[in-house]
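Undergrad: Here it is, the structure, as structure tokens.
What follows draws every value from the coordinates through simple rules; no lab data is involved. These numbers come from a predicted model, not from an experiment. Every residue, glycine among them, receives a Cβ derived from its backbone with ideal geometry; neighbour counts consider all protein chains shown.
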Amino acid sequence: MRFGMDFGGTNLKTGIFHEDGSVVDFIEHPLTTFTGNGNLLDNLLSHAQKFAANKSIRGGGLAIKGLVNSATGILEDDIGAGAMLAGRDLRATFGDALGVPFCVENDARAYAWGEWLFGAGKGSKVQVCMTLGTGLGCALIKDQHPYQGSDALGGILGGHISIDRNGPRCPCGNYGCLEVYCSAPAFAKRIRNAHPDLENKADPLPPFFDKIAAGDSGYITTLKAFQRDLAIGIVNVIHAYGPDRIVLGGGVMNSASLILPGLIEQVHQMAWTVPRNSVDIQPAALGNRAAAIGAAFHPDLNLER
Ligand SMILES: [Zn+2]
């Protein structure tokens, strides 16, 4: 069995998994459970130890938002709640606390690795995984390993590929980044602006996709504009990395059956691939467990399965 933890932007997910990736136990807590009282790292370690107690785990991993150097196990930088963990040797600390080989990885890379190993990326040679969540996460799997590049930034900045040089300035410094148009909040904002009468202003995606499913033509233009922006970003990634599979995750993909056909059509019209439709685009399969699973089965653990 393996232990996996996913320290995200708002929640902490913790799981124990069988060697085939299936779930033994999985739980999700708001981060405030661990940030409220006492030291964050101590709280996480004690939670991990309690969760893994009496389970015969052979290895584990932590997926965390921010710049992670998986070779050193150190979170180099994070501006979110995880900032309190920056600079610590998390690999050694968790490994010692649990008494097993341990790995620390950026959450987008861990998500992509989980999907490659047990989910929608299975069997692919080069996989790019993009998650449409609070931000737009991106990671590359090649040579049977999450790609890190020459530093902790490699492969995870697909959300900051520009799709419009005249677009708004992004906090990263670039203009018109994909994330500004296609993250979940950006998509919600686009829908609110185009359809101010749509109910549920806090989360307009479900009523929007109800209208799309009903074939309401007044909403199709908004979906097509979103698909086109996302397709341009995906084509850039295809041209950069040459993947044979793109896996798309995040809450927006709950409506994958309504998004993917039009998106795939646009990608194949624009991508310079031989043959033209050679890149397989699939929705993610592991849901909110992917990053915890990816960390738990990280290849750097060097454990036979
Ligand atoms: Zn940017």
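Undergrad: Counting only pairs 8 or more places apart or on different chains, how many lysine pairs in the chain have C-alpha atoms closer than 27 Å?
TA: 19
Undergrad: Going by how many other beta carbons lie within 10 Å of each one, how would you line up LEU62, LEU153, fewest first?
TA: Details: LEU62 32, LEU153 14.
The order, fewest Cβ neighbours first, is LEU153, LEU62.
Undergrad: Whole angstrom only: what separates the Cα centroid of region 260-305 from the Cα centroid of region 167-212?
TA: Taking the Cα centre of each part, region 260-305 and region 167-212 sit 23 Å apart.
Undergrad: OK, next. In nanometres, what is the gap between the two model label sites at LYS55 and ASN302, each 7 Å from Cα along Cα-to-Cβ?
TA: My value for the distance between the label points is 2.5 nm.
Undergrad: Where in the chain are the DSSP H helices whose C-alpha atoms run 30 Å or more along the long axis and whose mean Kyte hydropathy is at least -1.0?
TA: Helices passing the filter in the chain: 217-241.
Undergrad: State, in angstrom, two size descriptors of the chain derived from its alpha carbons: Rg to one decimal place and Dmax to the nearest whole number.
TA: That works out to 19.4, 58 Å for Rg and Dmax.
Undergrad: For region 237-276, what class follows from the C-alpha gyration tensor (a ≥ b ≥ c being the square roots of its eigenvalues): rounded when a/c is under 1.5, otherwise prolate if a/b is larger than b/c, else oblate?
TA: Oblate shape, in that a/c is at least 1.5 and b/c is the bigger or equal ratio.
Undergrad: Choose one of ILE141, ILE293, ASN277: the residue whose Cα lies farthest towards the positive end of the charge dipole of the chain (beta-carbon charges +1 Lys, Arg; -1 Asp, Glu; about the Cα centre).
TA: Among ILE141, ILE293, ASN277, the one farthest towards the positive end of the dipole of the chain is ASN277.
Undergrad: If I take the Cα coordinates of region 1-100 and project them onto the principal axes, what are the three extents in Å, biggest first?
TA: Dimensions of region 1-100 along the principal axes of its Cα atoms: 34, 29, 20 Å.
Undergrad: If you don't mind, another one. Of the DSSP beta bridges with both residues in region 123-285, give the percent that are antiparallel, rounding to the nearest 5.
TA: Taking every DSSP beta bridge with both residues in region 123-285, the antiparallel ones total about 55 percent.
Undergrad: Now for a separate question. What value in Å³ per residue do you get for the convex hull of the alpha-carbon atoms in region 123-285?
TA: For region 123-285, the hull spanned by Cα atoms encloses 124 Å³ per residue.
Undergrad: Only helical DSSP H runs with n ≥ 4 go in: add -39500 (n - 2.57) per run for the chain, normalise by residue count and round the 222 nm mean residue ellipticity to 500 deg cm²/dmol.
TA: Mean residue ellipticity, 222 nm, calculated: -11000 deg cm²/dmol.
Undergrad: Moving on to the next point. Only Cα pairs under 8 Å and at least 6 apart count here; give the relative contact order of region 123-285 as a rounded whole percent.
TA: On the way: 248 pairs, mean separation 40.7, N = 163.
RCO, region 123-285: 25 percent.
Undergrad: A further question follows. DSSP beta bridges in the chain, what fraction antiparallel, as a percent rounded to 5?
TA: 55 percent
Undergrad: Now for a different question. Apply the Karplus curve 6.51 cos²θ - 1.76 cosθ + 1.60, θ = phi - 60°, to the phi angles in region 248-255 and return the couplings in whole Hz, x for Gly and Pro.
TA: Those phi angles translate into 10, x, x, x, 4, 6, 4, 9 Hz.
Undergrad: Note down the net charge around VAL235, summing +1 for each Lys or Arg and -1 for each Asp or Glu among other residues with Cβ under 13 Å from its Cβ.
TA: Overall, the nearby charge balance is 0.
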